[in-house]
Amino acid sequence: MPGNTKSARRPAKKNAPRPVRKQPETLRLSSITPSLTVNDLLRSIGWYRDVLGFKVQEEWKHNGQVMGAELKAGTVSVMLGQDDFAKGRDRKKGEGFRLYCTTRQDIDQLADLIKARGGVLEQEPADQPWGARDFTVVDPDGFKITITTSL
């Protein structure tokens with residue numbers, strides 16, 4: 001109907017067969033939220049917020065001190081937690097781990113914005129053989145973050 005702002009929906013079919021899932025069913029997830037343990041929580045929160053552009057969604061405090069936070073960018077969340085150093089202060093972080101983040105934003109403009117905010121790119125924007133364009137930054141604890149175009 002003209003002027004109708006509601007999206008058109010398909011009417012549900014009565015007694016329509018449900019799709020048969022292979023048994024045993026495989027795991028099906030709708031999202032994933034990494035939680036990173038960091039050396040200096042407030043510095044890391046500032047870097048994710050001020051350099052990358054995340055928003056602080058929530059902070060978790062213990063005895064008045066911030067011990068963790070959830071940060072959000074679009075529909076993606078990342079949690080940061082303060083290392084208690086129970087496994088030693090010299091423990092390396094970020095090795096063998098990388099976050100791949102997909103965006104519809106212009107990769108070159110985003111990279112320029114991150115650099116203007118003080119970020120250092122480990123890899124400048126580059127076209128990849130599979131058709132994506134991406135760049136990489138490294139957070140204060142060594143966690144690599146590759147930001148790529150959606151295909």
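Numbers at a glance
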quantity: Prolate/oblate/rounded label for the range 11-151 (Cα gyration tensor, a/c 1.5); calculated: oblate
quantity: Protection-proxy order for peptides 61-67, 112-118, each taking the mean of Cβ atoms within 10 Å per residue, highest first; calculated: 112-118, 61-67
quantity: Three-way shape label, the range 56-112, alpha-carbon gyration tensor, a/c 1.5; calculated: oblate
quantity: The range 74-151 versus the range 48-69: alpha-carbon centroid distance in Å; calculated: 18
quantity: Cα-Cα over 25 Å, subset of LYS72/LYS115; LYS61/LYS115; LYS55/LYS115; LYS115/LYS144; LYS93/LYS115; calculated: LYS61/LYS115
quantity: Packing-based order for 135-145, 15-25, using average beta carbon neighbours within 10 Å, highest first; calculated: 135-145, 15-25
quantity: Rounded tilt (10° steps) of 107-116 against the dominant C-alpha axis of the chain; calculated: 30
quantity: For the chain, size of Cβ-based charge dipole, Lys and Arg +1, Asp and Glu -1, in debye; calculated: 1280
quantity: Positive-end residue of VAL78, PHE97, GLN57, charge dipole of the range 53-101 with Cβ unit charges; calculated: PHE97
quantity: Pairwise label distance in nanometres, LYS115 with THR33, each label 7 Å out on the Cα-Cβ vector; calculated: 3.4
quantity: Calculated [θ] (222 nm, deg cm²/dmol) that DSSP helices of n ≥ 4 give over the chain, each run adding -39,500 (n - 2.57); calculated: -3000 deg cm²/dmol
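Throughout, read-outs are computed from the coordinates displayed, never taken from laboratory work. Computed from a predicted structure; not experimentally measured. Reconstructed Cβ throughout: ideal geometry from the backbone, glycine too, with neighbour counts over all protein chains shown.
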